[in-house]
1. Go through region 150-202 residue by residue and tally those that are under 19 Å from the mean Cα position of the chain (by Cα), of a type in the set (S, T, N, Q) and either outside any loop (DSSP other than H, G, I, E, B) or modelled with pLDDT of 65 or more (or both).
2. Can we say ARG87 is in contact with a Phe, Trp or Tyr (Cβ under 8 Å, 6 or more places away or on another chain) and closer than 19 Å to ASN128 by Cα?
3. Tally time: how many residues in region 60-80 are buried (at least 19 other Cβ atoms within 10 Å of the Cβ) and either acidic (Asp, Glu) or out of contact with any His (no Cβ under 8 Å at 6 or more places or on another chain) (or both)?
4. Find all pairs meeting these conditions: Cβ atoms under 8 angstrom apart; at least six residues apart or on different chains; first residue within region 102-114 and free of Cβ contacts under 8 Å to residues at least 40 places away in the same chain and aromatic (Phe, Trp, Tyr); second residue assigned to a strand (DSSP E or B) and crowded, with 20+ Cβ neighbours inside 10 Å.
5. Would you check if there is a residue in region 103-120 being closer than 24 Å to VAL178 by Cβ, small (Gly, Ala, Ser) and exposed (fewer than 15 other Cβ atoms within 10 Å of the Cβ)?
6. Please verify whether GLY64 is more than 22 Å from ASN128 (Cα to Cα), in contact (Cβ under 8 Å) with a residue 12 or more places away in the chain and in contact with a strand residue (DSSP E or B) (Cβ under 6 Å, 6 or more places away or on another chain), treating the condition exactly as stated.
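The values are calculated or read from the model by the stated rules, or taken from the named source; none is laboratory data. This structure is a prediction, so every number in the text was calculated from the model and none was measured. Here Cβ is always computed from backbone atoms with ideal geometry, including for glycine, and neighbour counts include all displayed protein chains.
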Amino acid sequence: MIEWIFPRFCVSCDAPLLPSEKEGACLKCLLELPKTDFWFFPCANEGYYRLAPHAPNLRGVVCGFWYGVGSPLRRWIQAAKYEGQPRLLYAAARHMAALSERYLPLSEIQGILPIPISALRWRKRGYNQAEWAARGFSEGWNIPLLSRHWVRRPSSGSQLGRKQTARWIELEGEFRCVRPLPSVVAVVDDVLTTGATLAAALRSLPASTAAWVLTVGITQRRR
């Protein structure tokens, strides 16, 4: 009844949402997310090539969908980060988990580790959008979520708009593990762009921990 009084609409196409479409996006837009198919070749894709030179313990990289012009994912990421709708990333991650589960060695992954945000940003936003994506993978694959094993220093701001060299310098020493980690984890972020944030995060892991990287989206490198 409440759906008739206060109808909800898809964040990317404005179509009315069904009661079962609780995350803020319609099934049509979910199915139209442009797939990368990286799960077929996790060690031979654009995401892996960006991160592998900076992460000796990297097992593979899987980015679910292209983040580009015309993709519903662009709108979803904006709404998840700045408009209080992180469940969109949960929906995308659950969809990505279902698409990729047959092709990844999930039995070796012992924990899902979301990229943390600073305490200041947490207070302003009230949530960590990467953790919502991590929940989608954790529940989709039944792998424990390790949400309190990492901290991020409070001084750095948003990386949006910064030149690539400045990003890499600013993020050195950004992350610190505060709890023991299993031998293999999956590190989760929302979007892979230059790779600076994820590379800094991977360098902070103990030498005894190997990592997969999972992101909902990836930008296409400019040619």
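1. 3
2. Working: in contact with a Phe, Trp or Tyr (Cβ under 8 Å, 6 or more places away or on another chain): yes; closer than 19 Å to ASN128 by Cα: yes.
Against the criterion (in contact with a Phe, Trp or Tyr (Cβ under 8 Å, 6 or more places away or on another chain) and closer than 19 Å to ASN128 by Cα), ARG87 qualifies.
3. Just the residues of region 60-80 that are buried (at least 19 other Cβ atoms within 10 Å of the Cβ), to begin with: 60-67, 72-73, 76-77, 79-80.
Checking the rest, the ones that are also either acidic (Asp, Glu) or out of contact with any His (no Cβ under 8 Å at 6 or more places or on another chain) (or both) come to 60-63, 65-67, 72-73, 76-77, 79-80.
Of the residues in region 60-80, 13 are buried (at least 19 other Cβ atoms within 10 Å of the Cβ) and either acidic (Asp, Glu) or out of contact with any His (no Cβ under 8 Å at 6 or more places or on another chain) (or both).
4. Here the result reads none, with nothing in region 102-114 linked to a residue that is assigned to a strand (DSSP E or B) and crowded, with 20+ Cβ neighbours inside 10 Å.
5. The answer is yes, given that some residue of region 103-120 is closer than 24 Å to VAL178 by Cβ, small (Gly, Ala, Ser) and exposed (fewer than 15 other Cβ atoms within 10 Å of the Cβ).
6. Details: more than 22 Å from ASN128 (Cα to Cα): no; in contact (Cβ under 8 Å) with a residue 12 or more places away in the chain: yes; in contact with a strand residue (DSSP E or B) (Cβ under 6 Å, 6 or more places away or on another chain): yes.
Taking the combined requirement at face value, the residue does not satisfy it.
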